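See structure below.
The values are calculated or read from the model by the stated rules, or taken from the named source; none is laboratory data. Quick caveat: nothing in here was measured; it's all calculated off a predicted structure. Here the Cβ positions follow ideal geometry from the backbone for every residue, glycine too, while neighbour counts run over all protein chains shown.
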Amino acid sequence: MLKAIFFDIDDTLYSTSDFAREARRNSVQAMIQAGLNMAEEDCIRELNEVVTEFGSNYDRHYNKLLLRIPRKYYAHANPAIIVAAGVVAYHQTKAEKFRPFEDVVDVLDRLSKTSLILGVITAGLTTKQSEKLVRLNLHAYFRPQAIFITEEMGIWKPNPKLYLRACQHLNLPCEECMYVGDRATHDIDPANAVNMRTVHLIRSGKYNEQEGKTTPDHVIHSMWDLVTILREEYQLIL
């Protein structure tokens, strides 16, 4: 029996890697136009280091970027304006380019017409991850009580307790729940640890080459592959 399917968000429902790459480049270009006298590629490289060191949820990446480069690169400009230009460009990119993968909406729409509970288990800040579901216009497909975000759960990936608690909140055995994610170590391994059915979605994300300690039950390259698996191996009518 399969009663619920949980999905990761980043690089599973939309391309986090592609979006971040484009948004950061647009931000750097805007900062240069605002007076930052630095080669674009050098600036992008430095910005990526900042994100790696402080984490993607840090809210002052551009401020840190200016702190760590020589003052001569913006000696004749206002640093607050440079930072603001980067922030505005990032949010403009978000408004224009933030879209789900092409197959996601159609597949979720089909799944929503079944008896399955559809949910989310994702790592990040509550408001930030919730905003992603709303911006992607996917939130209506998921049961409100089945959306689990690490900040509000008090448990971070890859702790298996996160997955266990999600199933427990819905009063479902883990064996009757499936998890679909892109990262072997943070999605597949912990979900396997609590005996969920696991689906490793491999697209073009940054964790494609990362290997986990366990083997997923299924490997897919698109959401349509998931539909096929659910039909053939779980006898669902889709």
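Apart from one condition, N57 fits all of (1) crowded, with 21+ Cβ neighbours inside 10 Å; (2) touching a residue at least 40 places away in the same chain (Cβ under 8 Å); the exception is (1).
Residue check: is L108 under 14 Å from the mean Cα position of the chain (by Cα) and in a helix (DSSP H, G or I)? For L108, the condition - under 14 Å from the mean Cα position of the chain (by Cα) and in a helix (DSSP H, G or I) - is not met. Checked against the criterion of being over 18 Å from the mean Cα position of the chain (by Cα), part of a loop (DSSP other than H, G, I, E, B), surrounded by 14 or more Cβ atoms within 10 Å (Cβ to Cβ) and assigned by TED's automatic domain parsing to the domain that holds I121, segment 139-149 has at least one qualifying residue.
Summed over segment 112-132, the residues that are within 22 Å of W224 (Cβ to Cβ) and surrounded by fewer than 20 Cβ atoms within 10 Å (Cβ to Cβ) give a count of 7. Examine segment 81-93 for a residue that is surrounded by 14 or more Cβ atoms within 10 Å (Cβ to Cβ), aromatic (F, W, Y) and in contact (Cβ under 8 Å) with a residue 60 or more places away in the chain, and state whether such a residue exists. Within segment 81-93 (the criterion being surrounded by 14 or more Cβ atoms within 10 Å (Cβ to Cβ), aromatic (F, W, Y) and in contact (Cβ under 8 Å) with a residue 60 or more places away in the chain), the answer is yes, since at least one residue qualifies.
Determine whether segment 42-50 contains at least one residue that is over 24 Å from the mean Cα position of the chain (by Cα), surrounded by 13 or more Cβ atoms within 10 Å (Cβ to Cβ) and modelled with pLDDT of 95 or more. Yes, the conditions are met somewhere in segment 42-50. The set of residues in segment 12-28 being of a type in the set (S, T, N, Q), farther than 12 Å from T93 by Cα and modelled with pLDDT of 95 or more consists of T12 alone.
For F101, the conditions (1) under 27 Å from H221 (Cβ atoms); (2) free of Cβ contacts under 8 Å to residues at least 12 places away in the same chain all hold with the exception of (2).
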